[in-house]
Amino acid sequence: MASTAAPPRRSRSAANKYLTMVLAKEHYGVPILKVQEIIGLQDITPVPRMPHEVRGVLNLRGRVIPVIDLRSRFGLDRGDDTKRTCIVVVQVKAPVEGAPPVIMGVVVDMVSEVQDIPPDQIEPSPAFGTAVDTAFIAGVGKVGKRVIMLLDIDRALGSAAAAAFTL
């Protein structure tokens, strides 16, 4: 007798998926599970006495969220905004134990695609010596001939999240 059970479904895990984006012509990736949404560049209200990388805050459907310029955060020239400049809304670990995640926007030059990067295609971040802090780089993904810096977004935005937590 033939079975009428449906064939097993292959799960499409998000564990190896990264939203890839461009900053100053270099490719970066953020785990897709950390990304809440992608929005076009909007009016951002500056907040006095914030670090240079904090562009300000914006009203996202009734919720005020801090917006960080990722180029500035990484010590790159801010550059000009273009029609492809956008804000990636991410969830960052709260600086206070037990608190809910902090929702933040990060300004990027452009978003590329969601890329599946299996663990065997990820290498540890290279050692640049003690003068360069690479703690925010979770690894380096190899996709064809392209190299994608995979970000530990919690570490990359840690102090910014702490400042945002007090807003």
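The values are calculated or read from the model by the stated rules, or taken from the named source; none is laboratory data. Everything numeric in this text was worked out from a predicted model, so none of it was measured. Reconstructed Cβ throughout: ideal geometry from the backbone, glycine too, with neighbour counts over all protein chains shown.
What are the residues in region 16-36 that are farther than 18 Å from Thr85 by Cβ and among the aliphatic types (A, V, I, L, M), if any? Hits for region 16-36 are Ile32, Leu33. Scanning region 64-80 for residues that are surrounded by 11 or more Cβ atoms within 10 Å (Cβ to Cβ), on the phi < 0 side of the Ramachandran plot and part of a loop (DSSP other than H, G, I, E, B) gives Phe74, Leu76, Arg78. Each residue in region 142-157 was checked for being in contact (Cβ under 8 Å) with a residue 40 or more places away in the chain, surrounded by fewer than 22 Cβ atoms within 10 Å (Cβ to Cβ), of a type outside the set (Asp, Glu) and more than 17 Å from Val114 (Cα to Cα), and 0 of them qualify.
Listed by first and then second residue, the pairs with beta-carbon distance under 9 Å, at least 6 apart or on different chains, first residue in region 12-30 and farther than 14 Å from Asp152 by Cα and surrounded by fewer than 18 Cβ atoms within 10 Å (Cβ to Cβ), second at pLDDT below 90 and of a type in the set (D, E, K, R), are Ala24/Asp77.
Residue check: is Thr45 polar (S, T, N, Q) and at pLDDT below 90? No.
Answer yes or no as to whether Gly98 is over 21 Å from Lys25 (Cα atoms), of a type in the set (Gly, Ala, Ser) and in contact with a strand residue (DSSP E or B) (Cβ under 9 Å, 6 or more places away or on another chain). So Gly98 does not fit the description; no. Which residue out of Arg61, Arg84 is over 21 Å from Met50 (Cβ atoms), more than 14 Å from the chain's Cα centre (by Cα) and modelled with pLDDT of 95 or more? Only one candidate passes the filter, namely Arg84.
Can you say whether Lys83 is closer than 23 Å to Phe136 by Cβ and either of a type in the set (Lys, Arg) or out of contact with any Lys or Arg (no Cβ under 6 Å at 6 or more places or on another chain) (or both), as far as the supplied structure shows? For Lys83, the condition - closer than 23 Å to Phe136 by Cβ and either of a type in the set (Lys, Arg) or out of contact with any Lys or Arg (no Cβ under 6 Å at 6 or more places or on another chain) (or both) - is not met.
Considered as a group, the residues in region 48-58 that are of a type outside the set (D, E, K, R) and at pLDDT 90 or above include one that is farthest from Gly105 (Cα to Cα), and that residue is Pro48. I'd like to check something: does region 103-110 contain any residue that is within 12 Å of the chain's Cα centre (by Cα) and free of Cβ contacts under 8 Å to residues at least 24 places away in the same chain? No, because not a single residue in region 103-110 is within 12 Å of the chain's Cα centre (by Cα) and free of Cβ contacts under 8 Å to residues at least 24 places away in the same chain.
Residue-by-condition table, conditions (1) in contact with a Ser or Thr (Cβ under 9 Å, 6 or more places away or on another chain); (2) modelled with pLDDT under 90; (3) of a type in the set (Ser, Thr, Tyr):
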position: Asp109; (1), (2), (3): yes, no, no
position: Asp120; (1), (2), (3): no, no, no
position: Phe128; (1), (2), (3): yes, yes, no
position: Ala135; (1), (2), (3): yes, yes, no
position: Asp152; (1), (2), (3): no, no, no
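Of all residues in region 81-125, those satisfying the criterion of being polar (S, T, N, Q) and in a loop (DSSP other than H, G, I, E, B) are Thr82, Thr85, Ser125.
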